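What follows is a set of notes on a single structure, which appears directly below.
The values are calculated or read from the model by the stated rules, or taken from the named source; none is laboratory data. All values derive from a computational prediction rather than experimental measurement. Note that each Cβ is placed from the backbone with ideal geometry, even for glycine, and that neighbours are counted across all protein chains shown. In case anyone asks, the SASA skips ligands and DNA or RNA and just uses the protein heavy atoms, side chains included. Shrake-Rupley method; radii C 1.70, N 1.55, O 1.52, S 1.80 Å.
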Amino acid sequence: MSIKTVVGEAQQVGIAIDLIEMGARMQMLQEETTLSRERLLRLYKEIRGESPSKGMLPYSTDWFMSWQPNIHASLFMDIYQFLVKNAGVEGVHALISAYRLYLDEVQGIENDEPVLSITRAWFMIRFFKAGMLRLEPCIECGGHFVAHSGDLNENYVCGICHPPSRAGKTKAARLSATAQLA
Amino acid sequence: MNTMQLQEGIRDINLTYLMLAQQMIKNDRPAAIFRLGISGDLVDVIDNLTPSQIIKMAASNMLLCRFRFDENLLLNLVDDFSRNRKMSQAHAAILMSAHPVEELA
């Protein structure tokens, strides 16, 4: 895609602003926009008021398998695939729309922290394209959940229908419960 | 509730639904398709309705919007809420996104 036109560049800046506001990392911005590294850095500092964090990106498919991350990841991926299939959006626009809807679902209703960051969401889409992850239907509720492609999932049951015994009983959850009682 | 009140209520909901839907579509089309659960063609039709067309459409004695929760989904939600479990809303959203959208016939 050429950004030599003024309109094209303005669109790229708009995409970069959306992504930075959602918390995207530099590597992702460089991949998804055609802007130069210097311009992205300046944009980042203008919007966030700090330099982008350095270091490796969270690169692991196993993260998506534990209980809470799996539900959040499945929620995002279901929204993403719904949009690609029904709303005719694609690429980075689908990512931005789906992530917005995911944030609304999580913050508006659950009063929960968004567990899935935009960078992980972006990675997950790439994992799906590479065939490392796929969506598996739960035999009890029929919802689709993120699972490893190589696993044998013939009678897959999702983490909501059969939560592991200690699911959701984290230190943070206990603290907020006692805070409510007090 | 007599018939007059009933019809008035239905017309109210129709009008509110159409106006809300149009607003949602104008704000963010992909998000509106997800939230309303209707196809892109149908979204375009609603988007292009003029105010007078909306009022005419709303003045029907039948509800324009359909119940989206089918039996399974509804049972799941009731079950989850009675057990007061977290994630039931996320679960509903996951199940809902697997549903096909309402298409134009």
>> Among B:I94, B:I25, B:I13, which one shows the highest mean-square fluctuation when chain B is modelled as a Gaussian network with alpha-carbon springs under 10 Å?
In response: B:I94
>> Accessible area per residue for the protein assembly as shown in Å², computed with a 1.4 Å probe and the full protein assembly in place, what is it?
In response: 59 Å²
> Which residues' amide hydrogens lie under 5 Å from the amide hydrogen of A:F145, considering only partners 5 or more residues apart or on another chain, with H built in the peptide plane?
Replying inline: A:E136, A:C138
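Over 26 Å between C-alpha atoms is what I'm after, so list which of A:K85/B:K26; B:K26/B:K56; A:K54/A:K85; A:K85/A:K129 land there.
From the list (A:K85/B:K26; B:K26/B:K56; A:K54/A:K85; A:K85/A:K129), the Cα-Cα distance tops 26 Å for A:K54/A:K85.
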>> Only helices at least 15 Å long along their own axis, judged from Cα atoms, and with Kyte-Doolittle mean hydropathy of 1.0 or greater: name those in chain B from DSSP H.
In response: none
> Under a Cβ-Cβ cut-off of 13 Å, what is the net charge of the residues other than B:I55 that fall near it, where Lys and Arg count +1 and Asp and Glu count -1?
Replying inline: +1
>> What do you get for the angle between helix A:118-129 and the principal long axis of chain A? Use alpha-carbon atoms, 0 to 90 degrees, nearest ten.
In response: 80 degrees
> At a probe radius of 1.4 Å, what is the per-residue accessible area of B:T3, in Å² to the nearest 10?
Replying inline: 90 Å²
>> What distance in nm separates the two pseudo spin-label positions at B:R35 and B:E8, each 7 Å out from Cα along the beta-carbon direction?
In response: 2.9 nm
> If you keep only loop residues by DSSP, which GluC sites (Glu not before Pro) in segment A:82-152 have at most 11 other Cβ atoms within 10 Å of their Cβ?
Replying inline: A:E90
> Which value in nm describes the separation of the simple spin-label points at A:E46 and B:V45, placed 7 Å from the Cα toward the beta carbon?
Replying inline: 4.4 nm
>> Could you report the buried accessible area between A and B, both sides summed, computed with a 1.4 Å probe and given in Å² to the nearest 100?
In response: 2200 Å²
> Residues with amide H under 5 Å of B:I38's amide H, sequence separation 5 or more or different chain, H placed in the peptide plane at 1.01 Å from N; which?
Replying inline: B:E102
>> Ratio of alpha-carbon Rg to the 2.2 N^0.38 Å globular estimate for segment A:3-91, to two decimals, please.
In response: 1.28
> Tilt of helix A:37-48 relative to the longest C-alpha principal axis of chain A, in degrees (0 to 90, nearest 10)?
Replying inline: 60 degrees
> Once phi is turned into ³J(HN,Hα) by the Karplus curve 6.51 cos²θ - 1.76 cosθ + 1.60 with θ = phi - 60°, what whole-Hz value does each residue of segment A:54-66 show in order, with x for glycine and proline?
Replying inline: 9, x, 6, 7, x, 10, 7, 7, 5, 3, 6, 8, 6
> Within segment A:1-87, which chymotrypsin sites (Phe, Trp or Tyr not before Pro) sit in a loop by DSSP and count at most 14 neighbouring Cβ atoms inside 10 Å?
Replying inline: A:Y59
>> With a 10 Å cut-off between alpha carbons and a GNM built on chain B, which of B:L15, B:L64, B:L75 moves the most?
In response: B:L75
> Largest first, how would A:V7, A:V146 line up by accessible area (1.4 Å probe)?
Replying inline: A:V7, A:V146
> Hey, what does the equivalent ellipsoid look like for segment B:1-62, semi-axes from the Cα gyration tensor as sqrt of 5 times each eigenvalue, largest first, whole Å?
Replying inline: 25, 12, 9
> Taking springs between alpha-carbon atoms closer than 10 angstrom, which of A:R48, A:R100, A:R25 fluctuates most in the Gaussian network model of chain A?
Replying inline: A:R48
> What FRET efficiency, computed as 1/(1 + (r/R0)^6) with R0 = 41 Å and r the Cβ-Cβ distance, is obtained for A:I17 and B:M57, rounded to the nearest 0.05?
Replying inline: 0.60
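What length, rounded to one decimal in nm, is gained on full extension from A:M132 through to A:A10, with 0.36 nm per residue of separation minus their alpha-carbon distance? Don't jump to the answer; show the numbers that get you there.
Numbers: separation 122, 0.36 × 122 = 43.92 nm, distance 3.47 nm.
That pair, A:M132 and A:A10, stretches by 40.5 nm at full extension.
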> Under unit Cβ charges (Lys, Arg +1; Asp, Glu -1), what dipole magnitude, rounded to 20 debye, does segment A:42-95 have relative to its Cα centre?
Replying inline: 220 debye
> At a Förster distance of 25 Å, what's the computed FRET efficiency of A:S60 paired with A:V157, Cβ-Cβ distance as r, to 0.05?
Replying inline: 0.60
> Taking all protein chains as present, what is the carbon and sulfur share of the accessible area of chain A, in % to the nearest whole number, probe 1.4 Å?
Replying inline: 52 percent
> About the Cα centre of chain A, what is the dipole size in debye to 20, counting +1 per Lys and Arg Cβ and -1 per Asp and Glu Cβ, all else neutral?
Replying inline: 540 debye
> For the charge dipole of the protein assembly as shown, defined by +1 on Lys and Arg C-beta atoms and -1 on Asp and Glu C-beta atoms about the Cα centroid, which residue among A:G91, A:T5, A:L135 has the Cα displaced farthest towards the positive pole?
Replying inline: A:T5
> In sequence order, what are the phi-derived ³J(HN,Hα) couplings for segment A:140-147 according to the Karplus relation 6.51 cos²θ - 1.76 cosθ + 1.60 with θ = phi - 60°, rounded to whole Hz, with x for glycine and proline?
Replying inline: 8, 9, x, x, 9, 10, 5, 8
> With Cβ to Cβ distances under 11 Å as the rule, what net charge do the other residues near B:D41 carry (K, R +1; D, E -1)?
Replying inline: -4
